Amino acid sequence: MRTIDLTKSNIRELNEELHRQGGGANEDSWEVLNPRGAHAVAVGVDAPISISVKGSVGYYCGGMNKQAQVTVHGSAGPGVAENMMSGKVVIKGDASQYAGATGRGGLLVIEGNASSRCGISMKGIDIVVKGNIGHMSAFMAQSGHLVVCGDAGDALGDSLYEAKLFVRGSVKSLGADCVEKDMRPEHHAALTKLLKDAGITDIKPDEFKRYGSARKLYNFNIDNADAY
Amino acid sequence: MTYHNPQTVPRQSATFDDYALSEIRRAAATGIYDIRGGGSKRRVPHFDDLLFLGASISRYPLEGYREKCTTSVTLGTRFAKKPIELKIPITIAGMSFGALSANAKEALGRGASIAGTSTTTGDGGMTPEERGQSKTLVYQYLPSRYGMNPDDLRKADAIEVVVGQGAKPGGGGMLLGQKISDRVAEMRNLPKGIDQRSACRHPDWTGPDDLEIKILELREITEWEKPIYVKVGGTRPYYDTALAIKAGADVVVLDGMQGGTAATQEVFIENVGLPTLACIRPAVQALQDLGMHRKVQLIVSGGIRTGADAAKALALGADAVSIGIAALAALGDNDPALDDEYRKLGTRAGCYDDWHEGRDPAGITTQDPALSQRLDPVRAGRRLANYLKVMTLEIQTVARAAGHNHIHNLEPEDLCALTLEAAAMARVPLAGTDWYPGKPGASGF
Ligand SMILES: Cc1cc2nc3c(=O)[nH]c(=O)nc-3n(C[C@H](O)[C@H](O)[C@H](O)COP(=O)(O)O)c2cc1C
């Protein structure tokens, strides 16, 4: 295992080392000490390595991640795992706004709560939040899954495209064009797998409701003007 | 005896003219706002309202074709490890695959590469055609983030964070169902055939402090190699330029209201934003106030048609200009040779702007395979290269006449204005005077 202490190295040195991994001679286990809220920790990594961050991080931790497993033993600032392509990012604490924004693949697990706009514009990523999520989550979400074991705030799934949302607790309000939908067997199966991948064993898929797009805003119609 | 009321000739209201009335009828019939492509069609103060002074006894000119007048531009010298070198001060603006056909994108890449300049991706990601043909490619980072991925980011020669566009500052992209083909749908990760409205604001940052961190992230992902541009629509050019500089931009791209778009509401195109002419001096002022003029480069766009327009923008302090509509015209958009076909679409050559409908007979703003086929990317690319070379020669001609051996030596003192409005906006004297409205120390204003 390699350890990088951010009181001794800077972010550039950290990311440069991480970007050198991949294609053969990998050090596959990394530990980052004293992040102290630094921004852009472990961004743009493209290697099957595991990175354990011991403390809280600032903006965009794990941004555009490919393949790597990033675990933050603390909380994460805005835009954690933004535009993630593949791999896994786990936040042991809470996550701030825009968690998993525009993510295109991989799994983001937030063991605490997530703030507003969780999964905004998501494009294929799977996000599992053990706690609650804030308002405007899954805004314009295009594809992927958002699983919320707690409650969702206002305007969930506003202007939603094809992402699938599962909420176990209450939903304060649904956004424009987002509706509750039937839980069919394929959804049940997908949810079961996501909970398992997120290491959640004490919650059953039956406890969730599914939300998705009513697809009424897909083609312009003046009688829907209030929703635009 | 019958009484004849003397008649006046029919008179149309200047306010309720043909266009205004047709728009009212159109809205009443369809219940949808008018969407179109192109830029503002109204007349606003523009580069036509400025003139160059040329050399005289106090300044001598350079000999055309013999004494050198250099046109190269380096972009991204502030932070990027690999700045961009362009042979000419004219770049091809960001236009998306989706809005444009793959052949049109390829033609832009070919033409720009021959002429020694860059092209820019758009709201739809990077296509292999464009990366393949563009020697220098700028990759846009837009609110929608369609197709965004770290591999393309690393393949790019520069990254342009798009905050806004002159045609629609504060508005997001639009691509109507007719143009969402299988390939476009897949690249954007959207269902086929929907009317797609892209976000107007970035999903994971707002404001200048966040932007600074976003730029840091993009630099970290790409090893601090690539110049990072920030593109803004012309609204508050002084503050936007200052804030982009503060956030760490290498290059500021400033797009005035005449700037083209692939598809936006008419109300936006004609009524929101500042004319290009009014944007440049405040932006240059911000660069100068922060000691960053020529360190952070300024690219100006919106209604640039000729070398003269470009030279005037450079004289006002820009480092380079960028073109959209003019580049499409060079490829063959709105060509009179296609007039019959334009008329079938209810318009005529020179007026066609329903680019969102995807029925472009020139094969440029379409995803229809049969129509796209009509554009030969090699020939069209050659036409673009010719046009760019002519523009460059024109800039050199004017610069030499003003006595400058590099196009960046053009300066406001080389210019005068034909109208009070242009004098005020460009901060150059009204022709024949030493005065412009708002001139520091000038009385009477
Ligand atoms: C067909 C078309 C598509 C465009 N697509 C984009 C885009 O995807 N992103 C963007 O920032 N600007 C886009 N623009 C705006 C151009 O980048 C540029 O700002 C503008 O065209 C400059 O003004 P001009 O057309 O008068 O030269 C587009 C413009 C046109 C004409």
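Here, each number is a calculation from the coordinates, and none is a lab measurement. Since this is a predicted model, take the numbers as computed values, not measurements. Virtual Cβ from ideal backbone geometry, glycine too; neighbours counted across all protein chains shown.
Under a 5 Å amide H cut-off, with hydrogens placed 1.01 Å from N, B:ILE90 pairs with B:VAL321 among residues at least 5 apart or on other chains. Contact order for the range B:36-426, expressed relative to its length and based on alpha carbon pairs under 8 Å spaced 6+ residues apart, stands at 27 percent.
Name the shape class, rounded, prolate or oblate, that the alpha-carbon gyration tensor gives for the range A:2-227, where a ≥ b ≥ c are the square roots of its eigenvalues, rounded holds for a/c under 1.5, and otherwise prolate holds if a/b is larger than b/c and oblate otherwise. Since a/c reaches 1.5 and a/b is larger than b/c, the shape of the range A:2-227 is classed as prolate. Here the protein assembly as shown is treated with +1 on each Lys and Arg Cβ and -1 on each Asp and Glu Cβ, and its dipole about the Cα centre works out to around 460 debye.
As a proxy for reagent exposure, A:MET84, B:MET425, B:MET148 were ordered by neighbouring Cβ count within 10 angstrom, fewest first; the result is B:MET148, B:MET425, A:MET84. Provide the net charge surrounding B:ILE24, with neighbours chosen by a C-beta distance below 13 Å and charges set as Lys +1, Arg +1, Asp -1, Glu -1. Net charge in that neighbourhood comes out at -3. Can you put B:LEU290, B:LEU277 in order of Cβ neighbours within 10 angstrom, beginning with the fewest? Ordered by Cβ neighbours within 10 Å, fewest first: B:LEU290, B:LEU277.
Along the axis of the charge dipole computed for the protein assembly as shown (Cβ charges of +1 for Lys and Arg, -1 for Asp and Glu, origin at the Cα centre), the listed residues B:ASN386, B:LEU51, A:SER96 are led at the positive end by B:ASN386. GNM on chain B, alpha-carbon springs under 10 angstrom: the most fluctuating residue among B:THR30, B:THR347, B:THR117 is B:THR30.
With N counted as the residues of the protein assembly as shown, its alpha-carbon radius of gyration over 2.2 N^0.38 Å works out to 1.03.
For the range B:275-281, 3J(HN,Hα) computed residue by residue from phi via the Karplus equation (6.51, -1.76, 1.60; θ = phi - 60°) reads x, 3, 4, 7, 8, 6, 4 Hz, glycine and proline entered as x. Relative to the current alpha-carbon distance between B:LYS155 and B:ASN386, full extension at 0.36 nm per residue lengthens the span by 80.4 nm. With contacts taken as Cα pairs under 8 Å at a separation of at least 6 residues, the range B:43-106 carries a relative contact order of 18 percent. For B:MET174, nonlocal amide neighbours, meaning residues 5 or more places apart or on other chains whose placed amide H falls under 5 Å from its own, are B:SER198, B:ALA263. Its Cα centre serving as origin, the range B:83-237 has a Cβ charge dipole (Lys and Arg +1, Asp and Glu -1) of approximately 520 debye. Over the residues of chain B, the helix contribution to mean residue ellipticity at 222 nm works out to -10000 deg cm²/dmol, using -39500 (n - 2.57) for each DSSP H run of at least 4. With only Cα atoms counted, the range A:1-52 has Rg and Dmax values of 10.3, 31 Å. Among A:ASP126, A:ASP223, sorting on how many other beta-carbon atoms sit within 10 Å of each Cβ, with the fewest leading, yields A:ASP223, A:ASP126. In order along the range A:148-154, the phi-based Karplus estimate (6.51 cos²θ - 1.76 cosθ + 1.60, θ = phi - 60°) of 3J(HN,Hα) comes to 10, 7, x, 9, 10, x, 5 Hz; Gly and Pro are listed as x.
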